[in-house]
Amino acid sequence: MESIQAVRGMNDILPDQVGWWQEVENAAREVLENFGYREIRTPVLEKLELFARSIGESTDIVEKEMYAFEDRNGERLALRPEATASIVRSYVQHGLHADSAVRKLYEIGPMFRHERPQKGRYRQFHQIDAEVFGIDSPMIDAEMMHMLRVFLDRIGISGVVLNINTLGCPECRKTYREILKDFLTAKGDQFCPDCLRRRETNPLRVFDCKVERCQALLESAPMLIDHIDEECRAHFDAVKDYLEKLGTRYVVNPRIVRGLDYYMRTTFEVITDRLGSQNAIGGGGRYNGLVRDLGGADVPAVGFAIGMERLIMLLQQEQSEKVRMPRFFVAGLGEQPRAAAFLLVQQLRGLGLEAEMDYEGRSLKSQMRRADKSGARYVIILGEDEMSRREIQLRDMQTKTQRILPLDNVEDELKQLRD
Ligand code: AMP
């Protein structure tokens with residue numbers, strides 16, 4: 001019978017890969033919690049309206065990429081394409097601002113976008129997402145980017161550049177939208193049909209266009225950063241100043257407009273030159289109006305998301321394999337020794353030492369082959385002779401040396417071999 005394949009663009013993370021994922025997740029949790037963030041876990045399925053209202057009706061994500069459908073009750077739902085909207089929904093729904101004016105939250109999990117799959121771009125992908133509610137100060141924008149850098153340093157990623165920009169406030173944007181529209185109109189139909197449509201619906205989106213000709217035409221476009229008001233400029237200057245004080249290097253890139261409507265003032269992206277066209281590792285920004293737009297109080301907020309697949313691809317380029325291996329392999333030869341090996345394996349695990357065995361009672365030769373393949377550092381051999389003398393043979397696979405230990409009270413000796 002023909003076998004069933006996974007859905008296109010959705011990947012299994014196999015055991016020989018999962019070590020990378022665990023390492024990245026563990027480091028993220030440690031760094032985020034050190035900066036005062038607490039974990040939140042929201043459902044992967046939400047009401048479609050949540051994303052339409054927050055990300056924006058005329059964005060690529062909502063227009064083209066959402067996994068949206070009606071459930072059996074005719075309710076319109078969508079798999080989350082990103083985490084911010086869900087976290088804001090949860091924050092408002094549970095009145096999280098009530099017991100603490102400031103909330104720092106993070107979420108790690110899968111996101112879904114119906115994009116054309118290619119290297120570094122999938123239909124199910126994973127993000128580490130961090131959000132802060134209740135702080136308007138530019139200090140927190142800078143701290144977030146600094147934290148991102150600490151995290152990347154921690155897992156050993158180098159050669160990425162922090163690009164920052166400001167989108168001003170909705171007022172600045174209103175003025176700028178008209179200036180940009182005039183520019184686009186002057187260039188007429190030299191732009192692609194998508195951009196011509198964007199000119200009418202959401203002109204700022206033209207900067208996201210992947211068509212080279214459009215990008216070339218935009219070289220001479222007026223920039224939002226040159227049309228922001230005094231307050232927004234002061235906020236941006238302060239962000240840059242704090243980044244400098246923290247020693248976090250950045251470049252100002254006026255083209256970082258991000259693909260979502262809710263951003264204002266600070267936006268940023270972490271970019272690498274090592275992954276081809278899918279060059280963004282993560283990004284984020286400030287979204288002060290969103291909590292209010294989703295029915296909450298007027299709470300300022302800022303957040304970012306990092307893509308884990310791209311992060312791990314980078315790590316794999318820089319480091320060698322990371323396969324998890326048991327510390328011990330216990331080989332029991334014969335009926336009785338195998339039962340003793342079974343108990344010894346449980347005993348080792350009880351001590352927090354990872355141990356494996358051959359459950360099927362194969363020959364010494366094939367058990368040694370399995371032990372070797374498992375990558376275990378130590379092999380314990382238990383045969384009939386050893387059993388009668390109440391001994392074990394302990395073989396160090398690295399140094400190729402062997403010694404004999406008494407079977408009773410062997411725990412103390414083995415505990416020494418923890419690392
Ligand atoms: P965004 O909110 O779209 O900027 O996404 C934040 C990060 O998530 C990006 O910088 C990527 O690292 C990652 N990401 C977004 N979309 C995808 C995708 N389709 N496949 C893999 N990673 C993605």
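The values are calculated or read from the model by the stated rules, or taken from the named source; none is laboratory data. Nothing here was measured: the structure is a model prediction, and the numbers come from that model. All Cβ positions, glycine included, derive from the backbone under ideal geometry; neighbour counts span all protein chains shown.
Observations
- Look at segment 165-189: where a residue is farther than 15 Å from residue 261 by Cβ and a partner is among the aromatic types (Phe, Trp, Tyr), sitting 6+ places away or on another chain with Cβ atoms under 7 Å, you get 166/236; 184/191.
- Look at (1) modelled with pLDDT of 90 or more; (2) in the same structural domain as residue 293 (by TED's automatic domain parsing); (3) assigned to a loop (DSSP other than H, G, I, E, B) and you find that residue 221 fails only one, number (2).
- Any hit, segment 297-317, residues being more than 20 Å from the chain's Cα centre (by Cα), exposed (fewer than 14 other Cβ atoms within 10 Å of the Cβ) and over 26 Å from residue 409 (Cα atoms): yes
- Qualifying residue in segment 89-101 (condition: at negative phi and within 16 Å of the ligand (Cβ to nearest atom)): no
- Any chance residue 173 is assigned to a helix (DSSP H, G or I), modelled with pLDDT of 90 or more and more than 16 Å from the ligand (Cβ to nearest atom): no
- Pair list, Cβ < 7 Å and 6+ apart or interchain, from segment 257-271 residues that are surrounded by fewer than 24 Cβ atoms within 10 Å (Cβ to Cβ) to residues that are of a type in the set (Phe, Trp, Tyr) and modelled with pLDDT under 85: 257/207
- Screening 137, 158 for residues that are surrounded by fewer than 20 Cβ atoms within 10 Å (Cβ to Cβ), in the same structural domain as residue 36 (by TED's automatic domain parsing) and within 18 Å of residue 265 (Cβ to Cβ) leaves exactly one candidate, 137.
- The set of residues in segment 119-158 that are among the charged types (D, E, K, R), more than 16 Å from the ligand (Cβ to nearest atom) and assigned to a helix (DSSP H, G or I) comprises 141, 143, 153, 154.
- Just one of the listed residues (356, 384) is of a type outside the set (S, T, N, Q) and surrounded by fewer than 18 Cβ atoms within 10 Å (Cβ to Cβ), namely 384.
- Residue 379 being of a type outside the set (Phe, Trp, Tyr), at pLDDT 90 or above and touching an Asp or Glu at 6+ places or on another chain (Cβ under 9 Å): yes
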